[in-house]
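Working notes for the structure below.
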Amino acid sequence: MCTLSWLFFGGGYELHFNRDESRARREAAPPRVVSGGDCSFVAPVDGEAGGTWIAVNAAGIGLALLNRYDREGRSGERSRGLLVAELASLGDLRHLGEALGSERLERYAPFDLAVFHPAAGGLCWTWDGRRLSGRALIAADLPLVSSGFDSRGVDRRRREVFREVGEPTSARLTALHRCHAPEKGPYSVCMHRPDAATVSYTRVRVAGRRARMEYIGGPPCRGGVPLCRELVLGRGG
């Protein structure tokens, strides 16, 4: 249950991510720098399984995971977030694709994995429980939406909200991820339900020689000062 949007500009990109989760789920830990593998990365840590849903590494690669509730497939025996953390430590897009393709994906429930790079743009890998496929992300894909409640309805209404604001800018995307359009509730971008809610907002910015992650724990509609972590691009593990 999440909403991901993005913005490309000369030599870089931004990601904006609302994480929607059950109110009963353990609170995540804020972003930290993880060293090891091909290169260091920054990511928050899931409170249940210890993986992550969003990361950016020292090669400028950003990853964002959305659970798929509208695909056939069995429940996963391994957390999808652990896979994201493993892939985030790889500093080459080709190696990342090869690692994902050779993974025993039958261990995971269905997902969309969006991958971004300043030079290569955006790519979305989809595991539907049976087959892995990939496609380039285009402007018409904005935003990517995941919801366990009325999946198609939530996707449609959030897309309508994004289309209404016109050309995306950093300020507009930030405002959208905080908003309650079309109305506060299960369909709003900043989501509120009795059993679930938007539990965090993350912004990733890759520009120049730095990757920066800003994180607000809790519903972004409440505001708050983000916790920030940075990496210098080009530095390995």
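In segment 213-232, is there at least one residue being on the phi < 0 side of the Ramachandran plot, of a type in the set (Gly, Ala, Ser) and in contact (Cβ under 8 Å) with a residue 40 or more places away in the chain?
Here is the first cut: in segment 213-232, the ones on the phi < 0 side of the Ramachandran plot are 213-217, 219-222, 225-232.
Pick out the ones that are also of a type in the set (Gly, Ala, Ser) and you get 217.
Now narrow it down to the ones that are in contact (Cβ under 8 Å) with a residue 40 or more places away in the chain: 217.
Within segment 213-232 (the criterion being on the phi < 0 side of the Ramachandran plot, of a type in the set (Gly, Ala, Ser) and in contact (Cβ under 8 Å) with a residue 40 or more places away in the chain), the answer is yes, since at least one residue qualifies.
Does Phe162 fit the bill of being open to solvent by 20 Å² or more (accessible area, probe 1.4 Å) and of a type in the set (A, V, I, L, M, F, W, C)?
No; evaluated as a whole, the condition is false for this residue.
How many residues does segment 145-202 hold that are under 30 Å from Phe9 (Cα atoms) and among the acidic types (Asp, Glu)?
Here the count works out to 4.
Considering only segment 6-28, state which residues are more than 25 Å from Gly148 (Cβ to Cβ), in contact with a Gly (Cβ under 9 Å, 6 or more places away or on another chain) and open to solvent by 60 Å² or more (accessible area, probe 1.4 Å).
Listed by number, the list holds a single entry, Phe8.
Would you please list the contacts, defined by Cβ atoms under 9 Å and residues six or more apart or on different chains, that run from a residue in segment 7-22 that is under 25 Å from Ser188 (Cβ atoms) to a residue that is acidic (Asp, Glu) and modelled with pLDDT of 95 or more?
Leu7/Glu14
Having 1 or more residues that are basic (Lys, Arg) and either exposed (fewer than 15 other Cβ atoms within 10 Å of the Cβ) or in contact (Cβ under 8 Å) with a residue 24 or more places away in the chain (or both) is the bar; report the strands (runs of 3 or more DSSP E) wholly within segment 29-137 that clear it.
Of the strands (runs of 3 or more DSSP E) lying wholly inside segment 29-137, those with at least 1 residues that are basic (Lys, Arg) and either exposed (fewer than 15 other Cβ atoms within 10 Å of the Cβ) or in contact (Cβ under 8 Å) with a residue 24 or more places away in the chain (or both) span 29-34, 132-136.
Name the residue that is farthest from Leu7 (Cα to Cα), counting only residues in segment 138-147 that are of a type outside the set (Asp, Glu) and surrounded by fewer than 17 Cβ atoms within 10 Å (Cβ to Cβ).
Result: Ala140.
Look through segment 148-159, keep the residues that are touching a residue at least 40 places away in the same chain (Cβ under 8 Å) and outside any helix (DSSP H, G or I), and return whichever of them is most open to solvent (accessible area, probe 1.4 Å).
Once the filter is applied, the top-ranked residue is Phe149.
The values are calculated or read from the model by the stated rules, or taken from the named source; none is laboratory data. Bear in mind the structure is a predicted one, so any value in this text is a computation, not a measurement. Methodologically, a virtual Cβ is constructed for each residue, glycine included, from the backbone with ideal geometry; neighbour enumeration extends over all protein chains shown. Only protein heavy atoms, including side chains, enter the accessible area calculation; ligands, DNA and RNA are left aside. Shrake-Rupley method; radii C 1.70, N 1.55, O 1.52, S 1.80 Å.
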